[in-house]
Amino acid sequence: MDNDNNISHRILIAVNDPDLRRISVAGLRAAGFCVSAPTDGDAAVMLAESFTPDVMIVESTMQCPDGRPLYERLRESTDQYLVCITDEGQYRLRTSILHSGADDAISVPINADELAARCHAMLRRPRQFQQRSDTNVSSTMILGPLTIDLGRREVRVEEEEVQTTRIEFSLLEQLCRRPTEVCTREELLDSVWGPKWVGDSHVVDVHLSNLRRKLDKAAPGTKVIHTVRGVGFRLANDVTDVIEFSGAPLTLV
């Protein structure tokens with residue numbers, strides 16, 4: 001998890017297959033990247049605009065809510081590096097994807113080390129839009145009433161500051177990186193404690209319960225974290241409804 005807090009290169013990976021997602025995310029994080037991995041096209045579009053990734057890795061079968069291929073939508077809205085993943089043997093599709101503006105196209109099965117190496121190779125050829133100073137790098141995530149300063153590791157809800165522990169902040173950060181999705185206990189354990197963690201998964205419940213009490217005390221009328229019984233946790237409707245309906249509250253500044 002420490003890598004995610006210290007490095008500047010950000011990867012957005014949107015794939016349907018959970019095993020491919022898990023392997024790819026683990027490999028990219030091990031290579032020192034900060035990774036966000038939405039599981040649907042809607043969340044991917046929002047995070048492409050808010051997470052400001054340096055490289056976007058998208059499975060060719062992922063679609064936007066309107067049914068369009070996700071990679072086409074992302075290519076139209078940003079000039080960041082774009083890598084597409086296709087099924088094995090789809091040579092014509094990969095050729096078409098490259099002609100449509102993708103920077104790279106690869107097929108499954110995928111080696112996580114190779115995927116990370118491809119990202120590093122592209123980032124060694126910086127484009128003009130990527131030549132930015134540290135003062136320009138986005139570090140504050142704003143989701144309606146919730147503000148998270150990733151650089152200072154500060155949390156505010158309804159403008160009230162909330163003092164969090166390192167683990168509480170990291171858990172909340174992971175929920176915010178997937179604002180429209182449910183994060184399972186296992187996914188949160190893997191992201192915050194690391195893949196080698198051995199112990200009771202309900203340690204997640206304990207830390208999120210403590211965090212929820214702090215958030216409720218700071219803003220009694222705003223619910224931030226919702227428990228999905230038997231599955232995991234997600235951002236509550238008080239946050240996600242603002243994201244979905246007010247236009248552009250999910251931002252990084």
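The values are calculated or read from the model by the stated rules, or taken from the named source; none is laboratory data. Here the structure is a predicted model, which is why all the values come from computation and not from measurement. Note that we place each Cβ from the backbone using ideal geometry, even for glycine, and neighbour counts take in every protein chain shown. Calculation scope for accessible area: heavy atoms of the full protein, side chains included, ligands and nucleic acids excluded. Shrake-Rupley method; radii C 1.70, N 1.55, O 1.52, S 1.80 Å.
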- Approximate spin-label separation D241-T140, in nm, with each point projected 7 Å along Cα-to-Cβ: 2.6
- Item | Point-to-point label distance, H99-T227, nm (Cα→Cβ direction, 7 Å offset) | 5.5
- Note on the structure: Karplus-derived 3J(HN,Hα) from phi for region 223-235 (6.51 cos²θ - 1.76 cosθ + 1.60, θ = phi - 60°), whole Hz, x at Gly and Pro, runs 8, 9, 10, 10, 8, 9, 4, x, 10, x, 9, 8, 5
- Computed for region 1-115: size of charge dipole around the Cα centre, +1 on C-beta of each Lys and Arg, -1 on C-beta of each Asp and Glu, debye to nearest 20, value 80
- Derived scalar couplings ³J(HN,Hα) [region 180-186; Karplus, 6.51 cos²θ - 1.76 cosθ + 1.60; whole Hz; x for Gly, Pro]: 9, 10, 8, 9, 6, 4, 5
- Accessible area per residue, Å², region 37-123 with all protein chains present, probe 1.4 Å: 43
- Message: Need one number: nm distance between label points at D149 and Y91, each 7 Å from Cα along Cα→Cβ, rounded to one decimal.
- Response: 5.5
- Message: Based on alpha-carbon centroids, what's the gap between region 35-65 and region 201-239 in Å, whole number please?
- Response: 25
- Sequence order, region 110-123: Karplus ³J(HN,Hα) from phi using 6.51 cos²θ - 1.76 cosθ + 1.60, θ = phi - 60°, Hz rounded, Gly and Pro as x, gives 10, 8, 4, 5, 5, 4, 5, 5, 5, 5, 4, 5, 5, 6
- Note on the structure: Counting only residues 5 or more apart in sequence or on a different chain, those whose built amide H sits under 5 Å from that of I225 are A236
